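Scroll down for the structure; my scribbles are underneath it.
The values are calculated or read from the model by the stated rules, or taken from the named source; none is laboratory data. Every value quoted in this text rests on a predicted model; they were computed, and no experiment measured them. Note that we place each Cβ from the backbone using ideal geometry, even for glycine, and neighbour counts take in every protein chain shown. The accessibility values were calculated without ligands, DNA or RNA, using every heavy atom of the protein model including side chains. Shrake-Rupley method; radii C 1.70, N 1.55, O 1.52, S 1.80 Å.
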Amino acid sequence: LPNKSCFSFNALLANLIPLFPETEFALAKEDLMLYADKGQFDQVMINVLKNAVEAMVETKEQRIEVNCYQDEKWQYIHISDHGSGIANTNNLFVPFYTTKQQGSGIGLPLCRQIMFNHNGQFKLNNRKDKAGVEAILSLPRFTNG
């Protein structure tokens with residue numbers, strides 16, 4: 001079970017960005033206070049960012065955009081890349097299925113499982129406006145009481 005605590009999403013992101021020195025990040029001005037397992041959420045973010053960076057290997061624009069917002073019940077994190085997109089969405093969450101030479105096929109199923117364990121959701125879609133993929137992470141908004 002997740003060992004949850006409150007933490008700043010922007011602070012978590014600030015620790016991860018140096019892992020991807022070749023990539024430009026466009027970050028949301030808004031910060032979210034998340035109530036989640038920080039270590040597990042770290043894993044999800046590293047996986048999503050690593051996939052985004054790998055997808056952009058052959059593109060000019062090495063840029064990841066991160067946007068956050070919340071409503072009364074949910075917090076949303078959108079991570080968009082400028083990569084090649086997803087050719088076959090059917091096998092995204094099939095454990096051990098991979099299209100990468102060095103891939104293990106456990107990253108995305110693990111991300112989805114972690115988000116599920118947080119009563120959240122993990123979605124991946126090809127971008128509608130341009131080439132690339134958008135990952136959408138949703139978490140229930142933490143309320144006292």
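Below are the figures for this structure:
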read-out: Subset tally (residues that are without any contact (Cβ under 8 Å) to a residue 60 or more places away in the chain, among the hydrophobic types (A, V, I, L, M, F, W, C) and assigned to a strand (DSSP E or B)) for the stretch 47-82; value: 4
read-out: Hits in the stretch 20-38 (condition: part of a strand (DSSP E or B) and not aliphatic (A, V, I, L, M)); value: Glu24, Phe25, Tyr35
read-out: Selection count where residues are open to solvent by 40 Å² or more (accessible area, probe 1.4 Å) and assigned to a loop (DSSP other than H, G, I, E, B), scope the stretch 1-19; value: 3
read-out: Filter result (under 15 Å from the mean Cα position of the chain (by Cα), free of Cβ contacts under 8 Å to residues at least 40 places away in the same chain and open to solvent by 40 Å² or more (accessible area, probe 1.4 Å)) within the stretch 20-46; value: Leu27, Lys38, Gly39, Asp42, Ile46
read-out: Hits in the stretch 65-95 - residues which are aromatic (Phe, Trp, Tyr) and either more than 19 Å from Ile114 (Cα to Cα) or touching a Pro at 6+ places or on another chain (Cβ under 6 Å) (or both); value: Tyr69, Phe93
read-out: Every residue from the stretch 52-67 that is at pLDDT below 95 and either among the hydrophobic types (A, V, I, L, M, F, W, C) or touching a Cys at 6+ places or on another chain (Cβ under 9 Å) (or both); value: Ala52, Val53, Ala55, Met56, Val57
read-out: Yes/no for Ile17 being over 15 Å from Ile136 (Cβ atoms), β-branched (Val, Ile, Thr) and modelled with pLDDT of 95 or more; value: yes
